[in-house]
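Q: Following this message is one structure expressed as structure tokens.
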Amino acid sequence: MRALRSVEASSELPVVPYPPAPWRSRGSMWMAFFKADSPLKLPAGVSPVLLPNWVVLTIVRYLEGALQYDEFVIGSLVRQGLRFGVYVNSIWVDDVASLWGGRRIWGLHKELARFDWSGSSVSISDERGTIASLALEDARFRSPPLWMLAPGFGQLDGRWAFSVGSMLARLGRSRMHVQEWSERFPYRLNEPSRLGFVAGPMRVAAFAPKILGPVEG
């Protein structure tokens, strides 16, 4: 566990140096799909690939590489024309360099949080309280190492930023259980997760994005 920095809000954090892209890292990732009781709001310019109330929760532990930190993502699978990827609705990390790199390279509005691990469970919290508490089941099977693309959308200086990372990992089926979910979110998640997997050990490369057209509205 890394301690949450003592600040009132991440907007008051001083800018710190961060590595240039690409970020190459090793670690583990858990991803699961949930159905929410109401649609998530998406910006104009992207359309949901699945029904708009499908949510993707992702926990990543970057243990080696450009930076070492934990990350929690609430996202939606979207498309923009022929481009497909994850649109990040909300994202938290426990490292200030990762926060500023994510904001200024990929256009991801990262916020700072604390990750408290107990075995295969994790609680994510910030100065406003608990964000979510999740239980991660062990994998049911493991694949041989697979190479995959990891596309995603951000918003950088009023324009869309589209990045395509790469990942090499062994995959296993897994489930994620939401034990706590903050009232700050205007939707609830239906249990259990509909589909989930764990990737690990994992090698990932996050490349600089391609800047596209302006964000509408």
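Q: State all residues of region 16-32 that are farther than 12 Å from residue 58 by Cβ, of a type outside the set (Val, Ile, Thr) and surrounded by fewer than 20 Cβ atoms within 10 Å (Cβ to Cβ); if no residue qualifies, say none.
A: Answer for region 16-32, where residues must be farther than 12 Å from residue 58 by Cβ, of a type outside the set (Val, Ile, Thr) and surrounded by fewer than 20 Cβ atoms within 10 Å (Cβ to Cβ): 17, 19, 20, 21, 22, 24, 26.
Q: Criterion first (part of a loop (DSSP other than H, G, I, E, B), within 27 Å of residue 81 (Cβ to Cβ) and among the hydrophobic types (A, V, I, L, M, F, W, C)) does residue 208 satisfy it?
A: The answer is yes for residue 208.
Q: Could you tell me whether residue 51 is modelled with pLDDT under 95 and surrounded by fewer than 21 Cβ atoms within 10 Å (Cβ to Cβ)?
A: yes
Q: Hey, residue 64 hits all of (1) within 29 Å of residue 214 (Cβ to Cβ); (2) free of Cβ contacts under 8 Å to residues at least 60 places away in the same chain but one; which does it fall short on?
A: For residue 64, the exception is condition (1).
Q: Test of understanding: among 217, 172, which residue is assigned to a strand (DSSP E or B) and either at pLDDT below 95 or hydroxyl-bearing (Ser, Thr, Tyr) (or both)?
A: Result of the check over 217, 172: 172.
Q: Regarding region 74-91, can at least one residue be identified that is under 21 Å from residue 26 (Cβ atoms), in contact with a Ser or Thr (Cβ under 9 Å, 6 or more places away or on another chain), assigned to a strand (DSSP E or B) and not aliphatic (A, V, I, L, M)?
A: no
Q: If I filter region 114-156 down to residues being closer than 23 Å to residue 85 by Cβ and of a type in the set (S, T, N, Q), which single residue comes out as modelled with the lowest pLDDT?
A: So, considering only residues that are closer than 23 Å to residue 85 by Cβ and of a type in the set (S, T, N, Q), the one modelled with the lowest pLDDT is 143.
Q: Scan region 195-214 residue by residue and report those that are of a type in the set (Phe, Trp, Tyr) and at pLDDT below 95.
A: The answer is 197, and nothing else.
Q: Continuing with the same structure: Which members of region 103-146 meet the condition of being assigned to a strand (DSSP E or B) and without any contact (Cβ under 8 Å) to a residue 12 or more places away in the chain?
A: Listed by number, the list holds a single entry, 118.
The values are calculated or read from the model by the stated rules, or taken from the named source; none is laboratory data. Computed from a predicted structure; not experimentally measured. Methodologically, a virtual Cβ is constructed for each residue, glycine included, from the backbone with ideal geometry; neighbour enumeration extends over all protein chains shown.
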